Amino acid sequence: MSDEEKGLLAAAARRQGLATGAFVAQAALAVASDAVHPEYFVLREALAEVMEAAGQVRRIGVSLNQAVAALNSGNLPARLQCYADAAARTVGKLDELADELCRRLP
């Protein structure tokens, strides 16, 4: 096994809160018992990252809404409108990507 491959396994184990050996054992047992298909590992990991990113963008949107409410002037400054539009577009794209990843998973 190359150093890069060992690094990938160690990183995946850390994300799961496991020692590398325990992670490898769990993964091997899951595959051996047909509980998990190894080809879906990458998709599941990508889906988790996309969902996390979508949550972060939603929090940005909430902050923007609070800033707009605090202004209470009736006129939304162009800069805030630009940020709000960007957050909305990003959330939409992340949601589409998450849906696509879900469709590819069993």
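For Glu4 and Ala48, the difference between the fully extended length at 0.36 nm per residue and the C-alpha to C-alpha distance is 13.6 nm. Counting Lys and Arg as +1 and Asp and Glu as -1 over every other residue whose Cβ lies under 12 Å from the Cβ of Leu8, the net charge comes to -1. Quick check: from the Cα gyration tensor, does the chain come out rounded (a/c under 1.5), prolate or oblate? It is prolate, given that a/c is not under 1.5 and a/b is the larger ratio.
FYI, it's all coordinate maths here, none of it is from the lab. This structure is a prediction, so every number in the text was calculated from the model and none was measured. Note that we place each Cβ from the backbone using ideal geometry, even for glycine, and neighbour counts take in every protein chain shown.
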